[in-house]
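These notes are about the structure you will find just below.
The values are calculated or read from the model by the stated rules, or taken from the named source; none is laboratory data. If you're wondering where the values come from, they're calculated on a predicted model, not measured in any experiment. Virtual Cβ from ideal backbone geometry, glycine too; neighbours counted across all protein chains shown.
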Amino acid sequence: MYVEVLHRDIQRNIEFVINQGLLSDEGLMKYEDYNVHSILQYCLIRINTDLCPIPEYKVKLKVPIDKLKIDDGFKERKTRYQRFIKVDVAYLKNSQIIGFGEIFTPDEIHGVLSSRDLISPWITPRHKIEHLVKYDKPKFIIIVNVMSRLPPYKDAKRYTLDKWEEYWIEFIKNINEQKIECLHIIIKNIENIKYCTYITS
């Protein structure tokens, strides 16, 4: 079971960067200026397994994303199909992707919803993850949500941080029900980090 091993490594890495002063409450609040995404990406990569973690990996989709099926608001766009998805970390074994990790800072907190539920059409994290799960069938996914504050977007301000946390947890549980192991990490501040592991039977 991959996520149980990865859970230990990643938690140790997060504790390491906190102890090094690289991850702080001030940094979590000003995540754009403090390289929080890159620091957490490092935490997902520094693992002791036989997997090969590669950052910023461009996944060629077996089935392209049809944007018009997601949201007809895309009809004004020139490109209808999206043929690649870049993931924060791809975990490869024998040259095959068997899992991926994604880090979502507050600016994507509302990405747990579908595009049709938002003001402007975009391929949200929800669509990307669901598409990869359906067609690429990874063995596991790791999702890190930084929920230190709400960004200034209207869609994000529709709910509280606690409500967004509920939506993300519900989403991850739905993914796990599709026989995908999941590690869900929620970071509100350095004293409030939750690690939830969902395995498959």
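Any residue at all in segment 22-30 that is in contact with a Phe, Trp or Tyr (Cβ under 8 Å, 6 or more places away or on another chain), hydroxyl-bearing (Ser, Thr, Tyr) and modelled with pLDDT of 95 or more? Within segment 22-30 (the criterion being in contact with a Phe, Trp or Tyr (Cβ under 8 Å, 6 or more places away or on another chain), hydroxyl-bearing (Ser, Thr, Tyr) and modelled with pLDDT of 95 or more), the answer is yes, since at least one residue qualifies.
Flag: residue 177 does not match the condition of being closer than 22 Å to residue 11 by Cα, of a type in the set (Asp, Glu) and over 12 Å from the mean Cα position of the chain (by Cα).
Taken residue by residue, segment 67-80 has at least one member that is of a type in the set (A, V, I, L, M, F, W, C), surrounded by 14 or more Cβ atoms within 10 Å (Cβ to Cβ) and within 24 Å of residue 184 (Cβ to Cβ).
If I filter segment 112-161 down to residues being within 11 Å of the chain's Cα centre (by Cα) and without any contact (Cβ under 8 Å) to a residue 24 or more places away in the chain, which single residue comes out as farthest from residue 68 (Cα to Cα)?
Initially, segment 112-161 is screened for residues within 11 Å of the chain's Cα centre (by Cα), giving 112, 124-126, 128-129, 141-146.
Okay, now just the ones that are also without any contact (Cβ under 8 Å) to a residue 24 or more places away in the chain, so 124-125.
Details: 124: 14, 125: 17 Å.
The selected residue is 125.
Note on segment 84-110: residues that are outside any strand (DSSP E or B) and surrounded by fewer than 22 Cβ atoms within 10 Å (Cβ to Cβ) total 5.
Can you give me the number of residues within segment 165-201 that are among the hydroxyl-bearing types (Ser, Thr, Tyr), touching a residue at least 24 places away in the same chain (Cβ under 8 Å) and not in a helix (DSSP H, G or I)? Reasoning before the result, please.
Taking segment 165-201 and keeping what is among the hydroxyl-bearing types (Ser, Thr, Tyr), we get 167, 195, 197-198, 200-201.
Checking the rest, the ones that are also touching a residue at least 24 places away in the same chain (Cβ under 8 Å) come to 167, 195, 197-198, 200.
Right, trim to not in a helix (DSSP H, G or I) and you get 195, 197-198, 200.
So the count comes out to 4.
Restricting to segment 18-54, name every residue that is polar (S, T, N, Q) and part of a loop (DSSP other than H, G, I, E, B).
Across segment 18-54, the qualifying residues are 20, 24, 35, 48, 49.
Can you tell me which residue among 126, 116 is modelled with pLDDT under 95 and part of a helix (DSSP H, G or I)?
Of 126, 116, the one residue that is modelled with pLDDT under 95 and part of a helix (DSSP H, G or I) is 116.
The single condition among (1) over 28 Å from residue 120 (Cβ atoms); (2) under 19 Å from the mean Cα position of the chain (by Cα) that residue 60 does not satisfy is (1).
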